[in-house]
Amino acid sequence: MMLQGKHAIVTGGGTGIGLAIARALVAEGAQVTITGRRLEVLEQVAEPGMHPMVMDVTDEAQIIDRMAEAVAARGPIQICVANAGIAEGKKLHKTDSAFWRKIMATNLDGCFFTVREALKSMMTTDWGRVIAISSVAGLRGAPGAGAYATSKHAVIGMMRSFAEDFLEAPYTFNSICPGYVDTPIVTRNTDSISERAGVSADEARAMMVNQNRHKKLIRPEEVAAAAIWLCNPLCESVNGTEVAIDGGQV
Ligand code: NDP
């Protein structure tokens with residue numbers, strides 16, 4: 001129960017990687033505010049120690065209000081997992097500004113608003129962990145997914161820079177870069193990849209599996225284990241860096 005009494009927030013905590021992280025945080029004794037746009041999804045998965053809260057990460061004003069409500073209810077936020085994201089792909093010549101803005105609004109602006117507001121609360125305490133869920137697409141280019149890869153590169157830059165801002169402080173800022181993880185995003189992506197590559201859904205799934213040297217999709221719990229490790233008090237010297245959970249993909 002390493003995180004007993006700590007208040008954590010996990011955006012996109014109702015599904016996939018976010019839910020696995022929320023469960024792992026609860027298992028360590030944290031009170032976890034899980035957020036997303038769909039209350040019914042959050043309520044369905046919530047277990048004791050999890051607190052559903054609707055919060056659209058593209059809506060700055062809503063984030064400010066809702067985060068304040070969570071702090072009033074459960075105390076200062078000391079663990080912030082900026083996980084909410086969307087993964088959609090288009091090649092450059094088909095990427096219009098509306099598509100570009102949609103990806104950036106969620107993956108980049110959403111991460112920034114979330115982390116900034118959580119940090120204001122964290123700064124009233126003497127310990128904190130900020131974790132952004134980037135991607136292997138944040139470590140190298142991703143064919144047919146330039147906007148997504150750009151947003152995930154930027155998230156890494158954000159964590160590195162915020163770590164520099166607070167080097168003297170007891171807070172750390174790191175990114176986790178998963179390869180293909182078995183979540184709803186990958187299920188949806190199978191269709192989009194098969195459409196773009198002109199292959200069947202089975203072949204698209206095989207393309208993802210084969211990028212992992214263990215020939216598998218990564219389990220969300222593997223990503224959660226890295227998040228819990230970053231929350232360990234002994235991880236205080238891991239700051240401004242990235243942890244790749246990618247089966248050797250990069
Ligand atoms: P999911 O689709 O299961 O998770 C995405 C979550 O983000 C959902 O819970 C969704 O909730 C939430 N979300 C999306 N848009 C918004 C928004 N505007 N406001 C609030 N919440 C939002 O997929 P994953 O678990 O796989 O994805 C989690 C993160 O992991 C993403 O950032 C993704 O880019 C990253 N990632 C995933 C990989 C994979 O292979 N699965 C690989 C590398 C990175 P709701 O729809 O209810 O709002």
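The values are calculated or read from the model by the stated rules, or taken from the named source; none is laboratory data. These figures come from a predicted structure and were not determined experimentally. All Cβ positions, even for glycine, are placed from backbone atoms using ideal geometry, and neighbour counts span all protein chains on display. With ligands, DNA and RNA removed, areas are computed over all heavy atoms of the protein, side chains included. Shrake-Rupley method; radii C 1.70, N 1.55, O 1.52, S 1.80 Å.
Table for the structure above
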{"quantity": "Segment 1-19, subset farther than 14 Å from residue 70 by Cβ and more than 8 Å from the ligand (Cβ to nearest atom), residue surrounded by the most Cβ atoms within 10 Å (Cβ to Cβ)", "calculated": "3"}
{"quantity": "Restricting segment 207-223 to residues that are under 15 Å from the mean Cα position of the chain (by Cα) and away from the ligand (no atom under 11 Å from the Cβ), the residue that is most open to solvent (accessible area, probe 1.4 Å)", "calculated": "221"}
{"quantity": "Some residue of segment 161-172 being open to solvent by 30 Å² or more (accessible area, probe 1.4 Å), modelled with pLDDT of 95 or more and farther than 22 Å from residue 78 by Cβ", "calculated": "no"}
{"quantity": "Residues satisfying the stated conditions in segment 20-43, i.e. open to solvent by 20 Å² or more (accessible area, probe 1.4 Å), away from the ligand (no atom under 11 Å from the Cβ) and not in a loop (DSSP other than H, G, I, E, B)", "calculated": "23, 24, 26, 27, 31, 43"}
{"quantity": "Residue satisfying all of: in segment 182-205; among the small types (Gly, Ala, Ser) and either within 21 Å of residue 15 (Cβ to Cβ) or within 9 Å of the ligand (Cβ to nearest atom) (or both); modelled with the lowest pLDDT among these", "calculated": "192"}
{"quantity": "Subset of segment 83-112 [surrounded by 15 or more Cβ atoms within 10 Å (Cβ to Cβ), of a type in the set (A, V, I, L, M, F, W, C) and more than 8 Å from the ligand (Cβ to nearest atom)]", "calculated": "100, 103, 104, 108, 111, 112"}
{"quantity": "Qualifying position, being small (Gly, Ala, Ser) and in contact (Cβ under 8 Å) with a residue 24 or more places away in the chain, among 110, 198, 157", "calculated": "110"}
{"quantity": "From 18, 12, 85, 89, residue being closer than 16 Å to residue 113 by Cα and in contact with a Gly (Cβ under 6 Å, 6 or more places away or on another chain)", "calculated": "12"}
{"quantity": "Sole residue being surrounded by 15 or more Cβ atoms within 10 Å (Cβ to Cβ), out of contact with any Pro (no Cβ under 7 Å at 6 or more places or on another chain), hydrophobic (A, V, I, L, M, F, W, C) and not in a strand (DSSP E or B), chosen from 132, 204", "calculated": "204"}
